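Read the figures in this text as sums done on the coordinates, not as results from a lab. Everything quoted here is computed from the prediction, not taken from an experiment. Neighbour counts run over all protein chains shown; Cβ positions are idealised from the backbone, glycine included.
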Amino acid sequence: MATTDPPVPGLAAAGYSILPSDAVSADDWRRAHDELVDHLRALIRIPSVNPPPEPGDGELRAARFVADLLGDAGVPSQILEPTPGRGSVVAHLHGDGSGGDPLLLLSHVDVVPAPGDGWTHDPFAADVADGYVWGRGAVDMKGMVALEVGVIRRLAAEARAAGRDPASDPIPGLSRDVLFAATADEEAGGLHGAGWIVDHRPELIQAAAALNECGGVSVAFADRRFYPIGVAEKGYANFRITVRGSWGHGSMPRPDNAAVRAAAIVGRLAEPGPTRLSPAMSRFFDLVADELGGPTGRLVRRIASPDPAESEAAIAAVCDDMYGRAARALLRDTASPNVIHAGVKYNVIPGSAEIEVDCRTLPGTDEAAMREELRRRIGDELWAHCDVVAFLTAPAVEASLDTDLYRILEATIRDHDPEGVPVPVMVPFATDAKHTVRLDVPTYGFSPLRLEPDERFLERFHGVDERVGLDALRFGLPVLYDAVRRFCG
Ligand SMILES: [Zn+2]
């Protein structure tokens, strides 16, 4: 860690601290890490499941717990509860105001359900075993809540040590304010959390930029350690397709059975569509290919080929199943038919069927364009028997790479892991960045963790045996602290 091993010894010897975290003692970092682990475990034990069971106030209890952690450090906060039991918590640290608009530390307190089947540890017990904290939310995203709380508490402690009141006085060395928001309802669209805040209390999170989940986590690939930083995320457009057919007696099959038509449509929807390279993924493949060089680098570059067959062959050659799925999803607008309903009785031919298809869109693909893509896949003949209605849509979001904050994130990763290679990336799913974009707050996925090379992090999201490594968290706290101090310094 930088405390004992400064990246440029000459400067450190001259008494010049390159990393703000160098100024914090190793003992203080150790204490902060132990606290962080305790906070994370306590958060996991609050089952803030979304959708909440009836009646459910898990998110509110999690938000109150976070508020207590901030209050304990002298930082006042506000609980927002637009819907009973659905709590978000926001707080505010002051800089001296000379450095521009604030930085927002964004996270969410809700988690997806965890039925417990197949888990080796109770998903809400927060066991510590084999070097991990286990449980639902360990990576998505109570680990990051605890990291962000850790940074706020550290900054507040520094204010108190300087004789200042972190509730009202500027934090020493901060020229921008730091905003904190841990929201409810991220896992179901954010209408009771970040979406509500944007619509009703935008001033609480209006910032120059935000740091959020989904990025800054190391990925081992071809003997290198990459740190994809989230700069974009795909949009979504969900469609309900009602397929019309003819009712009839099951004893005399008919080709216009709506279930038969729906089956054909589902097969066509599932065909992968054409590829298109977004700016973030273009940069991603270029940087990864340059770093790897040689035959593997050439293969990675081929993944970005406009020829889908060449791209697919390259994916098959260098990616395992998990990365292959991610790469395919990030190269195209996807359509996943996830719900099918048809039929009322075994001997009645259904005259109507319903399909719900989850489409994830690249930057530049709007709802109309996605609808057109569905029509192309389904084909005009079957399309003529369909009523297609969009529900729940949001465009893709992108943040610029050409910003001070992005450069600081890259540099901070390099300073803490000189062998690490930061690269920008798009993520295939949606986060609260869908809401912050409405306030023009560029939002970066940066929840820094350094993982063991064999860790299957992507599979932990919403998966069984969700867990986060203690060493990964130990790495992450000073990295996040340095990124905040550098941007706000
Ligand atoms: Zn999440």
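Kindly provide the helix-only [θ] at 222 nm of the chain, computed as the sum of -39,500 (n - 2.57) over DSSP H runs of four or more divided by all residues, to the nearest 500 deg cm²/dmol? Before the final figure, lay out each step's value.
Details: 16 runs with 179 residues, N = 489.
Calculated at 222 nm, the ellipticity per residue is -11000 deg cm²/dmol.
Angle between the Cα long axis of helix 279-292 and the longest principal axis of the chain, 0 to 90 degrees, nearest 10?
So the inclination is approximately 70 degrees.
Cα to Cα, under 30 Å, and not fewer than 8 places away if on the same chain: which lysines meet these conditions relative to Lys234?
Correct list for Lys234: Lys142, Lys434.
With a ≥ b ≥ c taken as the square roots of the eigenvalues of the C-alpha gyration tensor of the range 305-422, please select rounded if a/c is under 1.5 and otherwise prolate if a/b is larger than b/c or oblate if it is not? Provide the component values of the computation, followed by the final result.
Numbers: a/c = 2.64, a/b = 2.18, b/c = 1.21.
It is prolate, given that a/c is not under 1.5 and a/b is the larger ratio.
Within the set of other residues whose C-beta is less than 14 Å from the C-beta of Pro115, count the net charge using Lys and Arg as +1 and Asp and Glu as -1. It would help to have the intermediate numbers written out before the result.
Numbers: positive: Arg136; negative: Asp117, Asp122, Asp465, Glu466.
Here the charged neighbours net out to -3.
Take the alpha carbon gyration tensor of the range 28-128, find the square roots of its eigenvalues, order them as a ≥ b ≥ c, and report rounded if a/c is under 1.5; if not, report prolate when a/b exceeds b/c, else oblate. It would help to have the intermediate numbers written out before the result.
On the way: a/c = 2.43, a/b = 1.44, b/c = 1.68.
In terms of gyration-tensor shape, oblate.
So which chymotrypsin sites (Phe, Trp or Tyr not before Pro) in the range 400-489 are both in a DSSP loop and have at most 15 other Cβ atoms within 10 Å of their Cβ?
Numbers: sites: Tyr406, Phe429, Tyr444, Phe446, Phe457, Phe461, Phe475, Tyr481, Phe487; in loops: Phe429, Phe446, Phe461.
Loop-located and lightly packed - Phe429, Phe461.
Compute the signed sum of charges (Lys and Arg +1, Asp and Glu -1) over the other residues within less than 12 Å, Cβ to Cβ, of Gly215.
Working: positive: none; negative: Glu213, Glu233, Glu410.
Net charge around Gly215: -3.
Where both residues lie in the chain, what percent of DSSP beta bridges are antiparallel, nearest 5?
Values: 49 of 72 bridges.
If I count the DSSP bridges inside the chain, around 70 percent turn out antiparallel.
Can you pull out the chymotrypsin sites (Phe, Trp or Tyr not before Pro) in the range 268-354 that DSSP calls coil and that have at most 13 other Cβ atoms within 10 Å?
Values: sites: Phe284, Phe285, Tyr323, Tyr346; in loops: Tyr346.
Those that pass, being in a loop and sparsely packed, are Tyr346.
Helix 367-378 versus the longest principal axis of the chain: what angle, 0 to 90°, nearest 10, using Cα atoms?
Helix 367-378 sits roughly 40 degrees off the main axis of the chain.
Under 15 Å from the Cβ of Ile378, count the other residues' Cβ atoms, weight Lys and Arg +1, Asp and Glu -1, and hand me the total. It would help to have the intermediate numbers written out before the result.
Numbers: positive: Arg240, Arg244, Arg261, Arg268, Arg371, Arg375, Arg376, Arg377; negative: Glu271, Asp333, Glu354, Glu356, Glu372, Glu373, Asp380, Glu381, Asp387.
Charge balance in the 15 Å sphere: -1.
Once you sort the root eigenvalues of the Cα gyration tensor of the chain as a ≥ b ≥ c, which label holds: rounded (a/c under 1.5), prolate (a/b larger than b/c) or oblate (the other case)? Mind dumping the intermediate values first?
Details: a/c = 2.09, a/b = 1.59, b/c = 1.32.
Note, shape of the chain comes out prolate.
Relative to the longest principal Cα axis of the chain, at what angle does helix 58-72 sit, 0 to 90 degrees, rounded to 10?
10 degrees
Working only with C-alpha atoms, what are the Rg and Dmax values of the range 53-112, expressed in angstrom?
Calculated on Cα positions, Rg and Dmax stand at 13.7, 48 Å.
Which residues' amide hydrogens lie under 5 Å from the amide hydrogen of Arg164, considering only partners 5 or more residues apart or on another chain, with H built in the peptide plane?
Those lying under 5 Å, H to H, from Arg164: there are none.
Any chance you could run the full-extension gain for Leu401 through Ser175? It's 0.36 nm times the residue separation minus the Cα-Cα distance, nm to one decimal. Kindly include the intermediate steps, with their values, before the conclusion.
On the way: separation 226, 0.36 × 226 = 81.36 nm, distance 2.25 nm.
Gain on stretching Leu401 to Ser175: 79.1 nm.
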